[in-house]
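Structure, as structure tokens:
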Amino acid sequence: MRIVVVGDVMLDVDLSGEATRLSPDAPVPVVDVSGVRRRAGGAGLVARMLAQDGWPVTLVTVLGDDDAGNQLRAHLAGVRLVAGASGYPSPVKTRVRAGSHAVVRFDQGCEKTPVPDVSPAMLRAVEKAGVVIVADYGRGLAANQQLRDVLARLAGEVPIIWDPHPSGPEPVPGVAVVTPNISEATKAVQSGAGNLTDREDPAAAVAEVLLERWRSQAVLVTKGEEGAVLLQQGEAASRAVPAPRVEAGDPCGAGDRLAASLAVHLLAGRDLPEAAALAVHDAADFLAAGGVAALPETSETNDAAGPRPAPARRTTEPLLLARSVRESGGKVVATGGCFDLIHAGHIRSLTAARELGDCLIVCLNSDDSVRRLKGPERPIIGQHDRAELLLAMECVDAVMVFDEDTPEAVLDRLRPDIWVKGGDYKGASLPESDLVESWGGRCLTVPFHPARSTTGLADALAKVS
């Protein structure tokens, strides 16, 4: 179940403030720094994202024996760290931001260094992975031959996501997916792909070349706001992976978010096309929420107390949560519905459902599904907000959105031990009974509260307006 991130780590420093005037010495903006944020970057950022989402994660890397290296260790609290000695100063990247825009970046200790050694402990940590992310930032760790031999051996056993770097080595053969952005992919092919501008989709063209060259199982070329292109071995054509339109000023960290999400979805048992589609949406949501600038990391101005690690959230990925609960001998409870305008009756029913087992997963009708069931005026609240409200309840452990009119398909994937419906079904055969009982599950009802309903609330709101 453990996710292992392998790669180069650096200390990212953000100096943020407002620029309201130009310097009298030169035509450059003067930024009045009001905040300083430090965090682990590179592979460290990937690991921190996963740890903050509640995943068990190990980071395999090398660190310098200096102040920046010590700060990195502090900022990696919550991550199992298996680190060797780099023998060189830790790289530090300092960005000066005016508002949401970067003005300049200073790099220290970022020059190319020899390939670092790896320890037996580092290799053992990689061998215990349920899924591996290679976050290569061109500092040499991904080129270590002992490490590459272990990764090549694991490629046929566990999913490996390889996020390449222009200065790094090629991925080992057989990895599940390589995730270059379009700029990196174009530089990687350089020649051999013909005139890419003549192709209908240059990303698809470079994906063809790189899939053959790298001998990976798939290549996912990301294209920023245009989404991505996925090409798998054995498929004649690539498939487009669209991204939702978002307003984002700084794309920093989007590739790390995508790699982290791919690992989670593949570990949950999803196939690569579905995992890629979800990961592209996760990366877009990350940027829409503010990107790295909005991460709950240390934020201080002359704070002598040092970094304060952000608390980990509960694991909310439904399929992986269900698998984890079952493997520990627990019972998975699921219920479903639209949950539009959540009211006291919903809360009472969900609380009662949670008491029947060891986790409660809510199967939530998507916006399109609600419209087909309730009419064009519904839902009143969109699916993302409905899911967020449900997850804010202590009794709800995860939410799984489905687009069909009935929950049979999502139930067949989730396979809960107990499927719960409201007491208004009491005495009637639940439509999902045969399906749930086919894998040994049970269908139960919880008390229904007829005086409280979403339709009643909606009608009352309509009269008020």
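The values are calculated or read from the model by the stated rules, or taken from the named source; none is laboratory data. Because the structure is predicted, anything quoted here is derived from the model rather than measured. Positions of Cβ are backbone-derived with ideal geometry, glycine not excepted, and every protein chain shown enters the neighbour counts. Only protein heavy atoms, including side chains, enter the accessible area calculation; ligands, DNA and RNA are left aside. Shrake-Rupley method; radii C 1.70, N 1.55, O 1.52, S 1.80 Å.
General observations
- Treating each Cα of the stretch 1-160 as an identical point scatterer and summing with the Debye formula, the log10 of I(q)/I(0) at q = 0.10 Å⁻¹ comes to -0.42.
- Karplus-derived HN-Hα couplings along the stretch 379-384 (A = 6.51, B = -1.76, C = 1.60, θ = phi - 60°), whole Hz, x at Gly and Pro: x, 6, 10, x, 5, 5
- The chain, dipole about Cα centre (Lys/Arg Cβ +1, Asp/Glu Cβ -1), debye to the nearest 20: 800
- Dipole magnitude of the stretch 91-156 about its Cα centre (Cβ charges: Lys, Arg +1; Asp, Glu -1), debye to nearest 20: 240
- Measuring with a 1.4 angstrom probe and ignoring ligands and nucleic acids, His265 comes out at about 20 Å² accessible.
- Compared with the dominant Cα axis of the chain, that is its longest principal axis, helix 344-354 is turned about 70°.
- Simple label model, 7 Å out from Cα along Cβ direction - Ala121 to Val33, nm: 3.4
- Based on protein heavy atoms only, the stretch 78-188 ends up with 44 Å² per residue of surface accessible to a 1.4 Å probe.
- Residue ranking by accessible heavy-atom surface, 1.4 Å probe, largest first, among Glu184, Glu226 comes out as Glu226, Glu184.
- In this Cβ point-charge picture (+1 for Lys and Arg, -1 for Asp and Glu), the stretch 75-194 has a dipole of about 360 debye about its Cα centre.
- Formal net charge of residues neighbouring Gly234 (Cβ-Cβ distance under 14 Å; K, R +1; D, E -1): -2
- Probe 1.4 Å, all protein chains present, accessible-area order of Arg39, Arg442, largest first: Arg442, Arg39
- When the Cα positions of Leu210, Gly168, Ala188 are compared along the charge dipole of the stretch 87-212, Gly168 comes out farthest toward the positive end, with charges on each C-beta of Lys, Arg, Asp and Glu.
- The slack between Arg21 and Ile347, meaning 0.36 nm per residue of separation minus the straight C-alpha distance, is 112.1 nm.
- Classification of the stretch 50-137 by its C-alpha gyration tensor yields an oblate form. The axis ratio a/c (a ≥ b ≥ c) is 1.5 or more, and b/c is at least a/b.
- Accessible surface of the chain, 1.4 Å probe, proportion on carbon and sulfur as whole %: 51
- Between 0 and 90°, nearest 10: helix 145-154 axis offset from the chain longest Cα axis: 20
- Counting only alpha carbon atoms, the long axis of helix 254-267 and the longest principal axis of the chain meet at about 50°.
- Of Lys331/Lys374; Lys112/Lys187; Lys187/Lys223, those spanning more than 23 Å from alpha-carbon to alpha-carbon: Lys331/Lys374
- Listed options for Rg and Dmax of the Cα atoms in Å are [x] 25.6, 82; [y] 24.5, 83; [z] 30.8, 109. The value calculated from this structure is the one marked [y].
- Using a probe of 1.4 Å on the protein chains alone, the accessible area found for Val264 is around 10 Å².
- The spacing between the stretch 201-253 and the stretch 346-389, judged by their C-alpha centroids, is 33 Å.
- Kirkwood analysis of the Cα pair distances in the stretch 1-56 returns a hydrodynamic radius of 13.9 Å.
- The chain - mean residue ellipticity at 222 nm from DSSP helices (-39,500 (n - 2.57) per run, n ≥ 4, rounded to 500): -9500 deg cm²/dmol
- Reciprocal mean inverse distance between Cα atoms of the stretch 106-151 - Kirkwood radius, Å: 11.9
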